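What follows is a set of notes on a single structure, which appears directly below.
The values are calculated or read from the model by the stated rules, or taken from the named source; none is laboratory data. This structure is a prediction, so every number in the text was calculated from the model and none was measured. Glycine gets a Cβ as well: all are built from the backbone with ideal geometry, and neighbour counts include every protein chain shown.
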């Protein structure tokens, strides 16, 4: 029989505690919290764990002052951080510019409609880029205001996503024979994105790619997950059908190879990623001099879109919290496990809060 010394066991336990403390410190290093207690939002909590350096994922939260709607977004970048950083600081401006007339509660100038709660990226860009962004948003606002077909929040969100993506692509085009390396890097890299638009008790979730939104619902004391988004990848048969239907049948064996778009890209919808949107001759002019080449099988672009799928939910008293996260979370944890962990954590936080009796209260009253 092997006998293990008590000293060895103490060292093992000490090491386990140290490892747990180190892991806990890493998980908490980028935590942020904001107490709102406004409308349906009690508080906002954020946690971020870098999968690579520099980190390619960003988050943002803000309030649209013209409609009193809250906006929360997670943006999962790939091929670099340029596109996801850009989208995280730009998209909400487009969304605020597309507010439906019936939802306007305050006459706020277009450039002052956003009240940032917090963002993991600096929303300020160099002056030239800021001016171009302002012009783009103003032009989009004029188009939306005169578009009789944009009558719902769903259509407004879709218009905002697509307009930003179009402007990202246009920004990378040559201007008098010159290209901006900064704007080309935004267009050539890519980003998934999931945004929750919350106005009163109405939630619209707009999703592009494989990030996800999950609602924590409590029924009869049991917390369960309700999905408020669908992933845009090969696991989604409707998405695969949409993609195949949009291209000639002769490409049925080349569009998806190895579970990826043109054998390369995992998400089937994304911002940026102009290598899957531009024709080969344009890529040869703009991207090849900077080291990017067109993917094999690029016959009938565009193959990629930033048109979001928008799902609607009306809040009920049983809806406790909403989780927005990139695929980095959902690859490891099922939605039901995530909502149970959050529910248990919230319950523990309430339980561990020290009781503070009112002044003058007696023990019998307690």
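Brief remarks on what is shown
- Among (1) at pLDDT 85 or above; (2) in a loop (DSSP other than H, G, I, E, B); (3) farther than 30 Å from residue 190 by Cα - the single one residue 55 does not satisfy: (3)
- Test: residue in the stretch 217-227 that is surrounded by 20 or more Cβ atoms within 10 Å (Cβ to Cβ), under 24 Å from residue 341 (Cβ atoms) and either without any contact (Cβ under 8 Å) to a residue 24 or more places away in the chain or out of contact with any helix residue (DSSP H, G or I) (no Cβ under 6 Å at 6 or more places or on another chain) (or both): no
- Here residue 84 does not qualify as in contact with a strand residue (DSSP E or B) (Cβ under 9 Å, 6 or more places away or on another chain), part of a strand (DSSP E or B) and either within 20 Å of residue 202 (Cα to Cα) or at pLDDT 95 or above (or both).
- Conditions (1) out of contact with any helix residue (DSSP H, G or I) (no Cβ under 6 Å at 6 or more places or on another chain); (2) over 30 Å from residue 285 (Cβ atoms): number failed by residue 208: (2)
- Taking first residues from the stretch 233-247 that are loosely packed, with under 11 Cβ neighbours inside 10 Å and partners that are modelled with pLDDT of 95 or more, the Cβ contacts under 9 Å between residues at least 6 apart in sequence or on separate chains come to 238/230.
- The set of residues in the stretch 270-289 that are farther than 17 Å from residue 246 by Cα and either touching a helix residue (DSSP H, G or I) at 6+ places or on another chain (Cβ under 6 Å) or in a loop (DSSP other than H, G, I, E, B) (or both) comprises 271, 272, 273, 274, 287.
- Scanning the stretch 260-273 for residues being touching a strand residue (DSSP E or B) at 6+ places or on another chain (Cβ under 9 Å) and either within 11 Å of residue 79 (Cβ to Cβ) or surrounded by 23 or more Cβ atoms within 10 Å (Cβ to Cβ) (or both) gives a total of 9.
- Within the set 267, 302, the sole residue that is free of Cβ contacts under 8 Å to residues at least 60 places away in the same chain and either within 26 Å of residue 326 (Cβ to Cβ) or part of a loop (DSSP other than H, G, I, E, B) (or both) turns out to be 302.
- When each of 71, 65 is tested for being closer than 23 Å to residue 34 by Cβ and touching a residue at least 60 places away in the same chain (Cβ under 8 Å), the lone residue that passes is 71.
- Residue within the stretch 312-321 that is buried (at least 20 other Cβ atoms within 10 Å of the Cβ), modelled with pLDDT of 95 or more and either more than 21 Å from the chain's Cα centre (by Cα) or not in a loop (DSSP other than H, G, I, E, B) (or both) present: no
- Residue 67 in contact with a strand residue (DSSP E or B) (Cβ under 8 Å, 6 or more places away or on another chain), buried (at least 20 other Cβ atoms within 10 Å of the Cβ), at pLDDT 95 or above and in a loop (DSSP other than H, G, I, E, B): yes
- All helices (runs of 4 or more DSSP H) inside the stretch 114-210 with 1 or more residues being more than 23 Å from the chain's Cα centre (by Cα): 127-145, 181-188
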